[in-house]
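In what follows, a structure is listed as structure tokens, so that the remarks can point back to it.
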Amino acid sequence: MNSISAKKGFGAGSAVFAAAAVIAVILRTVQFFTVVEENQTGFYTENNWSVYLLYIILAAFVLSSVVLGFFNRKKLDFDREAKKRPVFGAASLVAGIGAFADGLGSILKVLNNHAPIVEHTYDGAAIWNTDKVIFFAEAAFATLSAIFFLALGLSLISGKTNGSEHKLISLSPVLWCIVRMIFRFSRTISYLNVSDLTFELLMLVFSVLFFMAFAQVNARIDCKNCEWKLAGYGLPAALLAILCFVPRVIVTLSGRTGLLYEYSPVDFCDLTTAAFIIAAVFTRLTGRTEKPEEEKEEVPAAEEEIPVKE
């Protein structure tokens, strides 16, 4: 079989991804200690060089990932061979733990919110407790996502199947990310000035696109030439997830938690989701191969007619 693309799939993008992630994390950490207000508002005190440089790096990486992936859409394939995949399997299990942790945190927020889920005004109109509804939905879909990740991880570690049998539940991470995104849209604050919200929303948008593509490709449902989306959308999602996690951990360990936006704490699920995406892109994407042309059957030449002498 003749490979018509790089044998390692999107492996060439690993160096670019690593470089962009390191630079972005350093710039974001510098921003926390220099141009972010220390009163949990998340506002910039000024737009200095680090702000512009970080946005330029992110925009360039996102654009290059989408463009490179799209132009290789007919050259990339998804490895569906049923075999042991310890790296991706472990990443799936870790992602399951992260999703379960987010679900547990959401349930605790529901339990700590003692207001009724529905209140009625004097004229009888019902008012829903929006935050409570959102957290309940996030807990439900995070739990289903955890079940999917754990089931997929066990399938890949055992090597008995390729994980494609988890069709319906594979949409759970899509719905989980959508609910997380809705919660952030419910915040009445400037998304441009509070960069944490901007990064989170972009991360969740690309995560939705990635998990939708993964569900299609893994289950082989309307997935023709969809493999490129795993890298084109997944790598930006992973980069933004790392950007949302690592600098916040550094700030937390430094004891300067006042620099963090009050609605954007350290979310362990961001890191575990990034690990799942990275493992999917660099272990399951491969070069598409062409089937060798069928050998043409040789047609025996017609026997030459021998002229008969009169």
* Structure fact -> When region 129-154 is checked residue by residue, the ones that are open to solvent by less than 20 Å² (accessible area, probe 1.4 Å) and without any contact (Cβ under 8 Å) to a residue 40 or more places away in the chain are Ala139
* Structure fact -> Taking region 74-92 and keeping residues hydrophobic (A, V, I, L, M, F, W, C) and over 11 Å from Ile157 (Cβ atoms) leaves Leu76, Phe78, Ala82
* Could you tell me which residue of region 106-127 is modelled with the highest pLDDT, considering only residues that are touching an Asp or Glu at 6+ places or on another chain (Cβ under 8 Å) and loosely packed, with under 12 Cβ neighbours inside 10 Å? => Ile127
* Quick one: how many residues across region 71-87 are within 16 Å of Phe210 (Cα to Cα) and open to solvent by less than 60 Å² (accessible area, probe 1.4 Å)? -> 3
* **Every residue from region 255-274 that is within 18 Å of Gly105 (Cα to Cα), in contact (Cβ under 8 Å) with a residue 40 or more places away in the chain and not in a helix (DSSP H, G or I)** => Tyr261, Glu262, Tyr263, Ser264, Asp267
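The rows are residues; the columns are (1) at pLDDT 95 or above; (2) open to solvent by 40 Å² or more (accessible area, probe 1.4 Å); (3) among the acidic types (Asp, Glu).
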{"site": "Ile189", "(1), (2), (3)": "no, yes, no"}
{"site": "Phe206", "(1), (2), (3)": "yes, no, no"}
{"site": "Phe211", "(1), (2), (3)": "yes, no, no"}
{"site": "Ala215", "(1), (2), (3)": "no, no, no"}
{"site": "Ala237", "(1), (2), (3)": "yes, no, no"}
{"site": "Val246", "(1), (2), (3)": "yes, yes, no"}
{"site": "Arg256", "(1), (2), (3)": "no, yes, no"}
{"site": "Leu259", "(1), (2), (3)": "no, no, no"}
{"site": "Glu262", "(1), (2), (3)": "no, yes, yes"}
* Asked: Can you name every residue in region 13-51 that is open to solvent by 70 Å² or more (accessible area, probe 1.4 Å) and modelled with pLDDT of 95 or more?
  -> Val22, Ile23, Ile26
* Going by the conditions given, is Lys229 surrounded by 20 or more Cβ atoms within 10 Å (Cβ to Cβ) and closer than 15 Å to Gly69 by Cα? -> yes
* Only one residue in Leu58, Leu68, Leu63 is buried (at least 18 other Cβ atoms within 10 Å of the Cβ), in a helix (DSSP H, G or I) and either within 19 Å of the chain's Cα centre (by Cα) or not hydrophobic (A, V, I, L, M, F, W, C) (or both), so which one is that? -> Leu58
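The values are calculated or read from the model by the stated rules, or taken from the named source; none is laboratory data. Everything quoted here is computed from the prediction, not taken from an experiment. Positions of Cβ are generated from backbone atoms using ideal geometry, with glycine treated the same way; all protein chains shown enter the neighbour counts. The accessibility values were calculated without ligands, DNA or RNA, using every heavy atom of the protein model including side chains. Shrake-Rupley method; radii C 1.70, N 1.55, O 1.52, S 1.80 Å.
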